[in-house]
Structures are given as structure tokens and as C-alpha cells.
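Novice: A single structure is presented below for examination.
The values are calculated or read from the model by the stated rules, or taken from the named source; none is laboratory data. Because the structure is a prediction, the values reported are computed rather than measured. Because the Cβ atoms are built from the backbone with ideal geometry, glycine has one as well, and the counts that use them run over all protein chains shown. These accessible areas exclude ligands, DNA and RNA; they are computed on the full protein's heavy atoms, side chains included. Shrake-Rupley method; radii C 1.70, N 1.55, O 1.52, S 1.80 Å.
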Amino acid sequence: MNAPMPPRLIDAAPSPRVSTLQTRLHRFLHTVVLPQESAINAALRLAAAGPQATATAQLASIRQKAQLAGLWNLFLPASTRAPQGLSHWEYAPMVEAMGRIPWATEVFNSAQPDAANMQLLDSYASESIKQAWLDPLLRAETRSAWAAAEPGAELHHPDSLQCRAVPEDGHWRLTGHKTWVQNLLDPRTASLLVLCRTDAQAPLHRQFSVLLVPLKTAGVLIGRQLHGWGMAQSPPAEVSFDAARVPADHLLGQPGQGLEMLQTHQRIVGLHEALRCLGAAERALGLLIARLQTRRSGERLAVHHPVWQQRIARIRTEADTTRMLARRSAWQMDQNDSHLPTQELAMLQSRALPLAVDAVQWSMLAHEADALDDSLPLAGLSAQLRLMQQLTPPIEVLHAQIAQGELLR
């Protein structure tokens, strides 16, 4: 077999404009966001038990400051709609920095699934749909949801998906059931991007499309709310479509491009979440070391105990190697119109999430009861990572994808 060709040279130096944006974002995080972290953590904890306006108002105030600072919609390619937009490679260190605080991406209008949804709308939607639905998202006036997963079905086996849309009098009649729908319970959510089967007679890879469904459409029924893990804000929910009538022009792109959009969405979300995991691991490591330097184990500081040193070494080694893989993935997506080989994404997901889970868990062990205090981000990060674990393919599936990619070389 032929050996794989090495990638072209990656230029690691950011441009002056990007370097300036990175500096401004880090300064904003330290001077505006971190001083309010404890108060917002407390407000979000209360909001998990019932409707609360405090956290929403506090986050809205910080969002306004971020927008005025030009730290807004950085994940989109630069355009008239996103003048500060960046490439995947340029944006990568910024989303990693945001990952140090569970809710920081929302401050910069970069939270998921909104960010990936906005990229799909920017790439596939008509100008009229962009004006009606994308522009309010870019201004953070509304939010959106992504409805692809179904009970009893697997996204990597799309032939098991049952949600269907059929043309009817200038509309699509949508019927089906979706689960793990994030943002659905947020009062600002106005639209759903729904993966559905639109042509059962076409080849499998052309049977699916994505519809933009206004949340207030008759026949859109919010079902079970998947509450759990306490501090996880805006928990996912289930939604069903009972012959919901969606205007024909709300189909994104061309009929049959649904699986293409699904893969694009998965790559964008996968990359961003891996980078956020790196940020979470770095924050947890910093807190862990600070705690161990003040905690005694017998006659010596806990930081000198071999078990803790092994854990510190593992986090540092895996964080640095995973970061290199993530930056390479971001660069590849820039070179290939957001395309990333399944093997590459699986390698990234199989490393980043377990690393962050271990780092946060070990830091929580070291902090003992203090780990649950609102002054620390550890409880929020733990809840966020547990939700990511449920939404990410099992490690065995990721390993199978890596092996299959290797066998096809």
C-alpha cells in the first residue's frame, strides 16, 4: 500500500488581526467574565430548579459588552454578516479559552448548537431565510435547536431514522419524533433545524433533507424534558411533529443534502466541543495544582505525592498532544470546506472528552466538598461533560471508526 501523503505545511503564526482578537478575548474573559463567574454559577444553579430571570439578565449584560468589544460571531467566516469572523484554525484557541467556563460560549454568541446551525444557514439557506432566521440568531435575539437524533435509531446508521416529510400544497408535511434536542426549552428559541427523510425512493445518501421549522408551527409538540445533573442549563428535550406543515422554501439547500449537512454539523460541533474540553481540562488542572499546594498528605504537601504527580503529568501530556490533533483538524477543515475525515474526528473525540472528564473529576476529588461551591466552575463543568458523554458516540464506536479508517488506507 502507498503511504499516506504528509499534510502541507501548517502556518502556526496568527495574523496581526487574529493575534489582536485573541488578546482582547483573553482580557475580556479575565476582566469581565471571571469576576462574575461565582454569581452567575449561583444563578444558574437556582435556574435549574425553576424559571429564574437573574442568570438570563446577567448573561445578557455580558453579551452586550462582548458585542460592543467586537468579540461576536467569531466562528463564522468573515463576511458582511460577520465582519470579525475567523477560520476554524484561527478560532480554535479562542473556543478553547471559552471552554474554561461552562457558559462562556453563550457570552460571545458562540454556543452550540447555535454556532453550527448558523454555519449551515449561512452556507445553505436562501437569502430570504437568512434575513428572517439567520440575522436574528447573529444578533442573539433568538436561539435555535438541532433535531437529528431519534429514539431507537442511530445517526451513524441513517436507514434507521423514521422522521419523514412529504410535499403537500406548497408545504412539507412533517411527521416524526426527535430526542436529545438542545435549546428546545430556552424561551428565546424560535426555530428547529430538522433532519428528515424526504425521498424514500432515492439512494440512501440522497433520501434526507434538512428543514427549518418555526417552533410555533402547529403540530410541533414539545415532549419529555430531559432534566439531570443539576447545574446543566437549558437541558435537552424531546419533540414530536404531528403532520406539521412547513413552507416549501424552508428546505435548506437542495433536496437530498441532509446527510451532507448532518456530517458538516457533526464536524463543527465535534471540533468545538473537543476544544472546549481542552479548556475545561486546563482550568481543572490549574485548580487542582493550586489545591494540592495547600493540602497536606501526612507530613508533606499533597502536590508531592506520586499519585497526584502521575495525574498531573497525564493531564499535561494528553492536553498538549490533543491540542496538536485539534489544531490539525481545524486546519484540515479550513483546507477542505469544513470537511474532516471520520477517522480524524473520531480520534479527536476519543481523546478530548475522556481527558476533560478525568481532569475535572480529579480536581473535584482534591477539592472535596468545596468542588460543589459556586465560587468554582467544577460542578458546572462536570455536568456539561456528562451531557457531552451522552451526545458523543461511545468510545467503542469511535475506536471502530478509527480502525476502519486505518484499514482503508
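Novice: Near the amide H of R295, under 5 Å away, which other amide H atoms are found, from residues 5 or more places off or on another chain, if H is placed in the peptide plane?
Specialist: Here the answer is A302, V303, since their amide H atoms fall under 5 Å of that of R295.
Novice: What does the highest-first list of 218-226, 336-344 look like by mean Cβ count within 10 Å? Mind dumping the intermediate values first?
Specialist: Values: 218-226: 14.0, 336-344: 15.8.
Ranked by mean Cβ neighbours within 10 Å, highest first: 336-344, 218-226.
Novice: Please determine, in degrees from 0 to 90 and to the nearest 10, the orientation of helix 342-367 with respect to the longest principal axis defined by the Cα atoms of the chain, where the helix direction is its Cα long axis.
Specialist: The answer is roughly 40 degrees.
Novice: For L184, enumerate residues with amide H under 5 Å from its amide H, sequence gap 5+ or separate chain, H modeled in the peptide plane.
Specialist: When sequence neighbours closer than 5 places are left aside, the close amide H contacts are A237.
Novice: Still on this structure: Work out the P(r) tail for segment 215-291: percent of alpha carbon pairs separated by more than 14 Å, whole number.
Specialist: Here the long-distance tail beyond 14 Å is 79 percent of all Cα pairs in segment 215-291.
Novice: Compute the projected area of the convex hull of the Cα atoms of the chain, averaged over all viewing directions, and report it in nm² to one decimal place. Before the final figure, lay out each step's value.
Specialist: Numbers: hull surface 86.2 nm².
For the Cα atoms of the chain, the hull's average projected area reads 21.6 nm².
Novice: Where does the Debye-calculated log10 I(q)/I(0) of segment 87-150 sit at q = 0.16, 0.24, 0.27, 0.29 Å⁻¹, using only Cα point scatterers of equal weight, no solvent?
Specialist: For segment 87-150 at q = 0.16, 0.24, 0.27, 0.29 Å⁻¹, log10 I(q)/I(0) is -0.59, -1.08, -1.18, -1.24.
Novice: If you fit an axis through the alpha-carbon atoms of helix 306-335 and take the longest principal axis of the Cα set of the chain, what angle between them do you get, 0 to 90°, nearest 10?
Specialist: Around 30 degrees separate the two axes.
Novice: A further question follows. Which order do the peptides 235-246, 277-288, 15-26, 188-199 take when ranked by the mean count of other beta-carbon atoms within 10 Å per residue, highest first?
Specialist: Most protected by this proxy first, the peptides run 277-288, 188-199, 235-246, 15-26.
Novice: What number, in nm² with one decimal, is the all-direction average of the projected area of the convex hull of the alpha-carbon atoms of segment 318-409? Please list the in-between numbers first.
Specialist: On the way: hull surface 29.0 nm².
Dividing the Cα hull surface by four gives the mean projection, 7.2 nm².
Novice: Something else: Amide H of A145 versus every other amide H placed in the peptide plane: which residues, excluding those fewer than 5 positions away on the same chain, fall under 5 Å?
Specialist: S191, L192, L193
Novice: Give the angle, between 0 and 90 degrees and rounded to the nearest 10, that separates the Cα long axis of helix 16-28 from the longest principal axis of the Cα atoms of the chain.
Specialist: 70
Novice: Which FRET efficiency value, to the nearest 0.05, is calculated for L46 and L365 with the Förster distance at 30 angstrom and r the Cβ-Cβ distance?
Specialist: Working: r = 26 Å, r/R0 = 0.87.
Once the sixth-power term is evaluated, E becomes 0.70.
Novice: At 1.4 Å probe size, with every protein chain present, just tell me what the per residue accessible area of the chain comes to in Å².
Specialist: So the chain comes to 45 Å² accessible per residue, rounded to a whole number.
Novice: Spelling out what I want: for every residue of segment 32-44, take phi, set θ = phi - 60°, compute 6.51 cos²θ - 1.76 cosθ + 1.60 (Karplus), and round to whole Hz; glycine and proline get x.
Specialist: For segment 32-44, the Karplus curve yields 10, 7, 4, x, 9, 4, 4, 5, 6, 4, 5, 5, 5 Hz.
Novice: Further, regarding this structure: Report ³J(HN,Hα) in whole Hz for each residue of segment 285-300, in order, from the Karplus equation J = 6.51 cos²θ - 1.76 cosθ + 1.60 where θ = phi - 60°; Gly and Pro get x.
Specialist: 5, x, 5, 4, 5, 4, 5, 5, 6, 10, 10, 9, 10, x, 9, 10
Novice: Same structure, new question: Please give every one of the lysines within straight-line cross-link reach of K130, meaning a C-alpha to C-alpha distance under 23 Å, and leave out same-chain neighbours fewer than 8 residues apart.
Specialist: K216
Novice: Let me ask something else about it. Leaving out ligands, DNA and RNA, and with a 1.4 Å probe, what % of the accessible surface on segment 88-217 is carbon or sulfur?
Specialist: 50
Novice: Explain nothing, just compute: Karplus ³J(HN,Hα) = 6.51 cos²θ - 1.76 cosθ + 1.60, θ = phi - 60°, for every residue of segment 392-406 in order, whole Hz, x for Gly and Pro.
Specialist: 9, x, x, 4, 5, 5, 4, 5, 5, 5, 5, 5, 5, x, 5
Novice: Using a 1.4 Å probe on the protein chains only, how many percent of the accessible area of segment 284-352 belongs to carbon and sulfur? Each step should come with its number before you reach the end.
Specialist: Details: 1750 of 3570 Å².
Accessible surface attributable to carbon and sulfur in segment 284-352 totals 49 percent.
Novice: Could you tell me the largest-minus-smallest coordinate of the C-alpha atoms of segment 50-137 on each of the three principal axes, in descending order and whole angstroms?
Specialist: 37, 30, 23
Novice: Apply the Debye scattering formula to segment 301-360, with a single equal point scatterer on each alpha-carbon and no solvent, then give log10 I(q)/I(0) at q = 0.12, 0.29, 0.30 Å⁻¹.
Specialist: Those come out to -0.38, -1.14, -1.17, one per q.
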